[in-house]
Amino acid sequence: MSLAWFAPCSLLFSLLWAGSTFAQAEAPNSATSLLPDSRVIRTPDPPPTLSAPPGARPAPPSSLLQGASRAEDLVVPQSPLEVRIERTEGLSLQEALEIAVAQNPTVQQARLAVERAKAGVALAEAAFAPTLSSRANYQYSEPPAPGGTPSRQSHTLSASVVRLDYTAFDSGVRAQNLQLAEEALRLAQLQLEQTLQTVKQAVANAYYDLQSADARVAISQAAVASSEATLRDAQARERAGVGTRFEILQAETELANNRQALLAAQNAQQLSRRRLAELLNFPRPTDVLAEEPIEPMGEWDLSLEETIVAALAKRQELERQRRELEQAQARLRLAQASNGPQISLFASLDAVNDFKANRNSFDVGYSVGANFNLTWFDGGKAEAQARQAEIDGQVAVSSFISTRNEIQRSVEEAFLTLSSSREQIDAAKVAIASAEESLRLARLRLQAGVGTQTEVINAEAALTTARGNLANAVIAYNRALTQLRRAIGSL
């Protein structure tokens, strides 16, 4: 082909390509068309705010429910004023932990379970003691009188004035019941210790969530203040004739986005406060403030391997699995002994009076004896109970292995997170120093006319990110430290 035709063909191809590109730009994007149109969306009205009338009475403390003994005492708030938050309390992490131990409902339930288990031990011990009782029986009878014979009414009062019963031998049933009760008590105590550690960890994490939300609010407020300053500078530059409308629009967009981030951070802050207050179970609706500064809460003095060994030695979950295995074995022995011979002794002082005309006093006597009981066939009940106990023991062994592996994995994850977060703290501190200097230089360059508004906005965004990274690194370090302390049961 001649070169003379190449230029016109190239020009035609360029025009066709430009036309197709323009058509694609004008065609509506299917993804973009799903986005809301800011020109037609109406902002909804805010929900109403409760206004307390003059002389309104404060909400009754919900702690009164702790002493409730009747179903009628378990009430819920009936008035909006009863759930209105009217007090604010600032707490350190240690104060929050102490309040949770004293007031958290889950901890209180675990303590009640321990008291119930103690009552179970007392019940099992009572089976070893003799029983002393008194019984009385009154009987009236009037048998049929054939052939006009006078009615023969009868009134009889009989009583066991004092009866003594004692089980002398039961093939070990009482001993196994006592062991089961003691194992149940130990399980309840271990559950209480585990619950305390779990609630403390939950409170610590909720406290760190609140600290993280507070940090995001502070960082967002600083970003908003910086964006406002940038907008004022852009407006001043435009009035001086050295700036453009484009720079003002850039600054306004950045300010609006930072205000949006601030609103989201404030919402997360309120939610975090309510979650922490729920765990602390205040008697009255209370707003909680985290007074402790965001800084590392200590150091970890054990190696990874030492931490794993300490966690496996001290965790209540593993001891609970051992106790559950012991309990299953005790139930197995109980099932095997349930059909064994049983011997009980009794002694009784008895009195009888049939209220006849010539009998105006009780006849007194006594009886002593022994009872022997042996079950030859129970339909397979004892064998089925023994099989259940064997399976429970196998489940306890499997749960022990699973729990052991889970504890080791959680320790490894926390330890690695602790090490990584410590390094991230150093990196974030360097990044903040660099971002602050970069923002200062970007503002100077803009004032000198050699920089752009985009450079300032980018520097502000970089500083906001660096501040957030430092707060996140410190809080992640504290979370990992809390998890390690929880792992060895020292939280």
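The values are calculated or read from the model by the stated rules, or taken from the named source; none is laboratory data. In this text the structure is predicted, and so the values were computed from the model without any measurement. Backbone-built Cβ (ideal geometry, glycine too); neighbour counts: all protein chains shown. When the accessible area is computed, the model is the full protein with side chains, heavy atoms only, and any ligands, DNA or RNA have been set aside. Shrake-Rupley method; radii C 1.70, N 1.55, O 1.52, S 1.80 Å.
A few points about this structure:
- Extension gain, residue 448 back to residue 291 (0.36 nm per residue minus Cα-Cα distance, nm): 52.3 nm
- Global size of region 212-273: 14.3, 49 Å for Rg and Dmax (C-alpha atoms, Rg to one decimal, Dmax whole).
- Residue 192 - accessible surface, heavy atoms, 1.4 Å probe, Å² rounded to 10: 30
- Largest-first ordering by accessible area, 1.4 Å probe, given options 128, 400, 282: 128, 400, 282
- Simple label model, 7 Å out from Cα along Cβ direction - residue 156 to residue 375, nm: 3.3
- Residue-level accessible surface for residue 118, protein heavy atoms, 1.4 Å, Å²: 90
- Treating r as the C-beta distance of residue 244 and residue 440 and R0 as 35 Å, the FRET efficiency rounds to 0.95.
- Amide H contacts of residue 292 (H built 1.01 Å from N, in plane; Pro and chain starts excluded): 93 sit under 5 Å, all sequence-distant by 5 or more or on other chains.
- Modelled spin labels at residue 344 and residue 139, positioned 7 Å past Cα toward Cβ, are 2.1 nm from each other.
- Partner aspartates and glutamates for residue 118 [C-alpha distance under 12 Å; skip if fewer than 8 residues away on the same chain]: 182, 183
- For residue 306, solvent-accessible area (1.4 Å; no DNA, RNA or ligand), Å²: 100
- Residues of region 172-211 with amide N under 17 Å of the 7 Å Cα→Cβ point at residue 102: 200
- Extension gain (nm, one decimal) between residue 458 and residue 89, 0.36 nm per residue minus Cα-Cα: 129.0 nm
- Protein-only accessible surface order, largest first, of 121, 352 at 1.4 Å: 352, 121
- Extending 7 Å from Cα along the Cβ direction at residue 313 and again at residue 256 yields two label points whose distance is 6.3 nm.
- Probe 1.4 Å, all protein chains present, accessible-area order of 116, 275, 284, 174, largest first: 116, 275, 284, 174
- Fraction of the pair-distance distribution of region 404-491 above 21 Å, Cα-Cα pairs, percent: 48
- Relative contact order %, region 291-422, counting alpha carbon pairs below 8 Å whose residues are six or more apart: 36
- Spin-label zone in region 363-387 - amide nitrogen under 19 Å from a point set 7 Å from the Cα of residue 127 along the C-beta vector: 371-376, 378, 381-387
- Percent of Cα-Cα distances greater than 22 Å, calculated over region 254-357: 75
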